[in-house]
Amino acid sequence: MIAALRKELLLQWRTRAQAVAVFVFGATALLLFSFAIGPNAAALREYAAGFLWLALLLSSTLTLSESFHAEMENSALEGLLLIPASPRALYYGKAVANAIQLIVLGIALVPVMIVLYDAGTMRLPTLLLIIILGGAGLSAPGTLYAAMTSQIRAKQMLLPLLLFPLIVPVLLAAVKATSLAILGDPMEQGRAWLLLLVAFNGIYWSLCGLLFARVVED
Amino acid sequence: MPMDALAIDAEHLARRFGRRWALLDVSLQLRRGEVMMVAGRNGSGKTTLLRVLATAIRADGGRAVVGGFELARREEIRGISALLSHQSYLYESLTALENLDVVSRFCGAPAPSPAMVLERVGLSARADDPVSTFSAGMRKRLSFARVLLQQPSIAFLDEPYGQLDPEGFGLVDEVVAELRSRDASVLIATHQVERVGRFANRTITLEAGRAR
């Protein structure tokens, strides 16, 4: 898996300009969402968590779909499978690399959210943990579905259609936990949402790793 | 022919795409250290035959033993074989050396150094250039380097002379001779019938997916 992860990080580094474009896309989405609320400081702060995760979700479809572009361009993925590289190692290498990219993107979008939505928080370590678990929760099924749709012409349209219903629990838990971290958590409910995120990560990461070989092999 | 001397023993292989049979009832035997030429017109099933035997795609009928392993044992067959495909299997944004380094890290057995293999295919001067800047012929050479890195016992070469210059033709001949000297078997699908006919031990000609 180390070889697969190394390859993914190298590919991401070589196409780092795309990461900047995805960040600009996410920041723009946050800006546009804020227009929908208007100049209502309390409402902006209340909805900040939801909009942060929506921006991250929309950006994730771009990064996940793009992560298989290099694999399909010259059938490089088939080439690796024929070496033979383990499909499971290839999946985990790509899913971890995608998770890292989404987590970095999430962290980069937090200051934008704080500025636009006046949604500062003192619970930064908790917020970081939520972004790590949420990013990983999006990446695991997202990488599998991106592999499934990578050979389809309408992949940009099909990936969100397949992925969004599946990641509703992760999105719900991440929004609730982030909202509690920003607005305060007097009833200590945040831990329950974090546990839900951990549980879904466990399910997605184990199941998707098993299914990947069936998706990429003839 | 004793079974242990056979690198490939295929019987009645078949593969279809949709309703069209790309390969039908093809049988062949290839000994260790031998070269077999697969000839035939465009669309006759040469590529499909090589891809089935290299386990890139599944057979829809028939059976084959490659390197002593049934086709279902994909990982074992892949461990001892290499496929030079129409697809280059290269990452455009990585350099030539990085592409080979990726392959080398996935190879189970100790592989020769990527730099040495690049030298062998005449690309050492462009080792640090991204593949996106390479011509079709250079990509072909780099794909060949990939095959050499894998040190296969059975090599499947699909149109190895395609896009290469006359010097590249010589390189292919040398590599095939080198593989034979290591007792490796080589299956070559090609339109260069005269050239390969000079050193091939056997020939199979396909027509509309069937052996003629």
Fill in the blank from the handout: Among the residues of segment A:112-171, the number that are out of contact with any Ser or Thr (no Cβ under 8 Å at 6 or more places or on another chain), among the aromatic types (Phe, Trp, Tyr) and either surrounded by fewer than 20 Cβ atoms within 10 Å (Cβ to Cβ) or farther than 23 Å from A:VAL96 by Cα (or both) is 1
Exercise for the section: Identify all residues within segment A:1-28 that are of a type in the set (Val, Ile, Thr) and away from every other protein chain (no Cβ under 13 Å); write none if there are none. Expected result: A:VAL20, A:VAL22, A:VAL24, A:THR28
Completion exercise
Looking across segment B:60-74 at residues that are closer than 21 Å to A:ILE83 by Cβ and part of a loop (DSSP other than H, G, I, E, B), the single one that is farthest from the other protein chains (Cβ to nearest Cβ) is B:GLY68
Handout entry: First in segment A:197-218 and over 16 Å from A:GLY135 (Cβ atoms) and within 14 Å of another protein chain (Cβ to nearest Cβ), second anywhere and of a type in the set (D, E, K, R) and assigned to a helix (DSSP H, G or I), Cβ under 7 Å, 6 or more apart
Key = A:ALA213/A:ARG88
Exercise for the section: Would you check if there is a residue in segment B:84-97 being farther than 23 Å from B:VAL35 by Cβ, of a type in the set (D, E, K, R) and at pLDDT below 95? Expected result: no
Practice task
Find the helices (runs of 4 or more DSSP H) located wholly in segment B:89-154 whose residues include 1 or more that are within 12 Å of chain A (Cβ to nearest Cβ), and list them.
Solution key: B:96-106, B:136-150
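Counting only residues that are in contact (Cβ under 8 Å) with a residue 12 or more places away in the chain and among the aliphatic types (A, V, I, L, M), how many does segment A:156-171 have?
Final tally of qualifying residues: 7.
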Practice task
Exactly one condition in (1) in contact (Cβ under 8 Å) with a residue 60 or more places away in the chain; (2) within 10 Å of chain B (Cβ to nearest Cβ) is not met by A:TYR47; state its number.
Solution key: (2)
Exercise for the section: Please enumerate the residues belonging to segment B:75-84 that are facing chain A (nearest Cβ under 7 Å) and under 30 Å from B:ARG19 (Cα atoms). Expected result: B:GLU75, B:ARG78, B:LEU83
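The values are calculated or read from the model by the stated rules, or taken from the named source; none is laboratory data. Worth saying up front: this structure is predicted, and the values here are computed from it rather than measured. Note: ideal-geometry Cβ built from the backbone for every residue, glycine included; neighbour counts use all protein chains shown.
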